[in-house]
1. Looking at (1) aliphatic (A, V, I, L, M); (2) over 26 Å from Leu150 (Cα atoms); (3) at pLDDT 95 or above, find the lone condition where Ala89 falls short.
2. So Arg107 fits all but one of (1) assigned to a helix (DSSP H, G or I); (2) under 29 Å from Gly179 (Cα atoms); (3) of a type in the set (Lys, Arg); what number is the exception?
3. Pull up region 176-201, narrow it to residues that are part of a helix (DSSP H, G or I) and touching a strand residue (DSSP E or B) at 6+ places or on another chain (Cβ under 9 Å), then point me to the one that is surrounded by the most Cβ atoms within 10 Å (Cβ to Cβ).
4. In this structure, does Leu146 turn out to be out of contact with any Cys (no Cβ under 8 Å at 6 or more places or on another chain), assigned to a helix (DSSP H, G or I) and buried (at least 19 other Cβ atoms within 10 Å of the Cβ)?
5. Quick one: which of Asp133, Asp94 is within 30 Å of Val185 (Cα to Cα) and in contact (Cβ under 8 Å) with a residue 60 or more places away in the chain?
Amino acid sequence: MEPGKSRLSIHEELLPLVGSEGVRVELKRKSIVFSQGDPAESVFYILKGRVKLTVLSKQGKEAIVGVLNEGSFFGEGCLAGQPRRMAGAVAITDCLLLKIGKKVMLRLLRQRPDFAAFFVKFLLARNIRYEEDLVDQLFNSSEKRLARILLLLSRFGRQGRPEKIIPKISQEDLASMVGTTRSRVNHFMNKFKSLGFIQYNGGLAVHSSLLNVVLHD
């Protein structure tokens, strides 16, 4: 899988590799893919839609640890011997997923260097993103963290222009991702709208000017 190929071509190469051993799973918005504590026996790949990963504390507090777009793998902890899911996964849009069993994934990684290279590249990119998220959480204000999350959700920097966030993400979910309260998120969203950084028009459109909030000291 050569760098620079579109998601469509990646899908076209991935599906024949997995063949009949992969299972397509169609899910409606808000459907549970798997729950925290479930047996970890497969890896998922997002063909279409978005999925959020959540963790639940012993006290019952839930936090969103990631939002994954089309072209993302998740649930790969099973490949490293993880017996149970450390997080839950929920569809935040209607989704089409490819479910790949642990044995199939391990065989593909052994036998197909091109697939293994693509998979490793994905994992490295995501780890870099997690490190950036940690730095963001430690050093940046709630306003900057929200701006960065909105830019990431709009895929700012990819294919030259941001896209609309579809569907609308609730302010409760944004608050969980930012690590602040819903009222603070509402305050900042109203501020971004008044400054022309975001726009509601059948969805949430994020403009590149929002980057000024992230870069401003």
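The values are calculated or read from the model by the stated rules, or taken from the named source; none is laboratory data. Here the structure is a predicted model, which means the values were calculated and not measured. As a convention, Cβ positions derive from the backbone with ideal geometry for all residues, glycine included, and neighbour counts pool all protein chains shown.
1. Single failed check for Ala89: (2).
2. Every listed condition holds for Arg107 apart from (2).
3. Filtering region 176-201 down to residues part of a helix (DSSP H, G or I) leaves 176-178, 182-194.
Subsequent filtering for residues that are touching a strand residue (DSSP E or B) at 6+ places or on another chain (Cβ under 9 Å) retains 176-177, 189, 192-193.
On the way: Ser176: 19, Met177: 25, Met189: 18, Phe192: 21, Lys193: 13.
This residue is Met177.
4. yes
5. Working: Asp133 fails: in contact (Cβ under 8 Å) with a residue 60 or more places away in the chain.
Residue meeting the stated conditions: Asp94.
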